[in-house]
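Okay, so here's the structure we're looking at.
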Amino acid sequence: MIDGTWWLVILIAVGVGLWFFAKSRAPKHIGKNNIKLKSKNIPLNDSLQKTSVLIKQYFPDYRVTRKANHLLVSKQNKKIAMITIDKKLAASQRRLGDVPVINYHRVPSRAQLAANLEEAE
């Protein structure tokens with residue numbers, strides 16, 4: 001038979017083994033330098049940001065307001081258009097109330113913006 005001392009040693013060994021197993025399966029600590037964490041933030045140079053800069057540069061009479069997933073384009077405090085960039089939706093125009101919603105798949109060219117903003121007014 002096994003003495004009480006050996007039962008205690010076996011019990012401690014099983015406990016330590018289970019602790020190491022749980023430690024290896026635990027989620028990793030997310031630090032400040034973690035690349036995965038940084039990729040979840042909105043990049044500063046994304047397509048909406050580039051479109052916003054393009055509108056501000058070539059169309060100074062329009063005011064651009066950046067939202068999470070779209071740009072609001074206004075002129076003299078009147079909403080002219082809402083611009084979205086989404087590859088899953090068809091590249092087209094639709095209306096949301098009296099404001100046209102213009103969807104692009106990538107950053108539009110200056111000519112595309114000029115035509116769509118002129119049409120939206």
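No value in this document is a laboratory result; all are computed from the given coordinates. Computed from a prediction, not measured in an experiment: that's the story for all the values here. As a convention, Cβ positions derive from the backbone with ideal geometry for all residues, glycine included, and neighbour counts pool all protein chains shown.
At a glance:
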{"item": "Ascending count of other beta-carbon atoms within 10 Å, so fewest first, for Phe20, Phe59", "result": "Phe20, Phe59"}
{"item": "Nearest-0.05 FRET efficiency for Arg94 and Phe59, computed from C-beta distance (R0 30 Å)", "result": "0.90"}
{"item": "Spherically averaged projected area in nm², based on the convex hull that wraps the Cα atoms of the range 55-99", "result": "3.7 nm²"}
{"item": "Residue exposure sequence - Val16, Val107 - by fewest surrounding Cβ within 10 Å", "result": "Val16, Val107"}
